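Below is one structure, written out as structure tokens; comments come after it.
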Amino acid sequence: MAHPASAAPGSFEQSFMFHMIRDFFLLLLVVAAVELAIRYAVLRYNFAQGEPARVDRAAEQLANDVRSIMLNSGGPTAAQTVYPILNRNFADLGLAIAVLPSAVTVESMRTTRNMEAQGLPARWVAGEHREASVVMKAEQFCLGCHVKASVGDVLGTVTVRSYLERKEAAWWQEVRLTAGALSLKILVHTILLFGLMKVRMAPLLTLRATVSSLARGVMDLSPRAAVNSGDEFGELARDLNHFLDRITQVVGDLDRILAEVLAVGERLGALNRHLERQLEGLRDNALRTIGEGAQRGLDTQLVAARESGAFGALVQTLDALADNGAMFGHAGPALRAQLERLRDSFGAVSGALQAMAPPVMVADAQAAEYKAFAQSLREMALLEATMQKVAESGQQVLQRLAAGQGRAG
């Protein structure tokens with residue numbers, strides 16, 4: 001499978017270290033984003049669940065502060081100065097407040113102090129919020145200033161609001177403040193990870209270089225990976241070294257085996273040539289012997305035929321003499337019987353010689369057998385040459401391996 005053109009094989013962008021650092025960097029970013037998201041979720045949860053109680057407590061505190069101001073002899077006048085301070089203090093807490101006097105309070109201030117009671121006007125904004133209000137009622141000590149009121153009358157209302165927008169603004173400000181710290185933290189962690197991986201993965205890079213040289217067909221089995229640790233990388237380097245040692249041993253064994261195969265091939269070739277010479281000699285001797293035997297058989301057949309004919313002629317002559325009365329006594333029949341036996345014997349010999357296979361056919365059959373045997377010898381010689389060629393090629397490869405080890409040594 002071809003590598004992409006944008007990233008050459010063995011480049012840093014394709015390395016495990018680059019992928020690990022990139023993934024770790026992205027993981028830190030994801031963790032930071034998740035942390036901020038969790039903080040925002042907690043903010044929303046607290047705003048929905050705990051903020052109403054907090055606003056209630058703030059409203060009670062504001063009402064107590066207003067009562068404390070009013071207990072002073074110059075309370076109504078001093079309130080105009082203290083209210084802005086209270087507004088800033090509550091604003092620092094993320095709260096908006098309002099102090100609204102009632103109509104009785106406004107009339108009382110006009111009568112006793114000749115002033116317009118304004119309290120702290122509400123400056124509400126639109127948005128999701130939590131609100132709490134406390135109604136302030138007149139007590140006995142309030143009647144000195146609030147002359148128009150009676151005990152139990154409503155003198156005013158304090159209201160406290162907590163806006164989600166302010167809390168989100170505070171959260172966003174925290175995000176902006178922590179973004180730089182998180183970025184620096186991520187950068188430092190990435191650099192530390194790079195240094196740590198560079199140190200810890202040095203054996204793996206050595207393994208990668210060794211395996212790469214072997215995979216690309218470099219005829220050198222001498223490199224060994226350094227074992228610098230006892231972890232998985234060290235175990236892998238040790239196993240690779242053991243594997244290369246065994247490969248080297250196998251190469252040596254194969255070299256010896258191929259040398260023996262070459263020696264056997266040479267002996268087989270010599271034996272094949274010797275068998276061919278013996279076969280040629282046997283064939284020549286057989287042909288010569290067959291020729292001589294054929295000649296002797298022909299001569300014997302001719303002699304047997306001639307003698308058989310001669311004895312037949314003698315029998316005929318003896319019969320003619322007997323008919324003419326030239327033979328007397330018992331000698332004639334005995335002689336005739338003896339001549340007939342000789343004639344029959346030579347006739348049987350001649351018939352037997354004629355019944356024998358012709359010498360040419362015997363010679364052709366033996367020649368065919370010799371040709372088949374010679375063809376087998378030629379095929380064996382071809383097989384021996386092929387085996388010799390394969391053994392020589394294997395030995396050349398092993399010699400290149402041995403030469404590479406010698407150069408490295």
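See the values below:
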item	result
Residue check for residue 222: at pLDDT below 75, surrounded by fewer than 16 Cβ atoms within 10 Å (Cβ to Cβ) and either in a helix (DSSP H, G or I) or touching a Gly at 6+ places or on another chain (Cβ under 8 Å) (or both)	yes
Every residue from the range 124-157 that is under 27 Å from residue 45 (Cα atoms), outside any loop (DSSP other than H, G, I, E, B) and not small (Gly, Ala, Ser)	129, 130, 131, 134
Cβ-Cβ under 8 Å pairs, at least 6 apart or on other chains, the range 276-287 side on the phi > 0 side of the Ramachandran plot, far side of a type in the set (D, E, K, R) and exposed (fewer than 10 other Cβ atoms within 10 Å of the Cβ)	none
Residues within the range 74-123 that are over 26 Å from residue 54 (Cα atoms) and either assigned to a loop (DSSP other than H, G, I, E, B) or basic (Lys, Arg) (or both), tallied	8
Where a residue in the range 165-187 is small (Gly, Ala, Ser) and its partner, wherever it lies, is modelled with pLDDT of 80 or more, with Cβ under 7 Å and at least six apart	170/94
Count - residues of the range 146-167 that are within 27 Å of residue 92 (Cα to Cα) and either surrounded by fewer than 19 Cβ atoms within 10 Å (Cβ to Cβ) or charged (D, E, K, R) (or both)	6
Among residues of the range 104-124, those that are in contact with a helix residue (DSSP H, G or I) (Cβ under 8 Å, 6 or more places away or on another chain) and more than 11 Å from residue 148 (Cβ to Cβ), counted	7
Among the residues listed as 56, 23, the single one being acidic (Asp, Glu) and surrounded by fewer than 16 Cβ atoms within 10 Å (Cβ to Cβ)	23
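The values are calculated or read from the model by the stated rules, or taken from the named source; none is laboratory data. Predicted model only: the values in this text are computed from it and were never measured. Methodologically, a virtual Cβ is constructed for each residue, glycine included, from the backbone with ideal geometry; neighbour enumeration extends over all protein chains shown.
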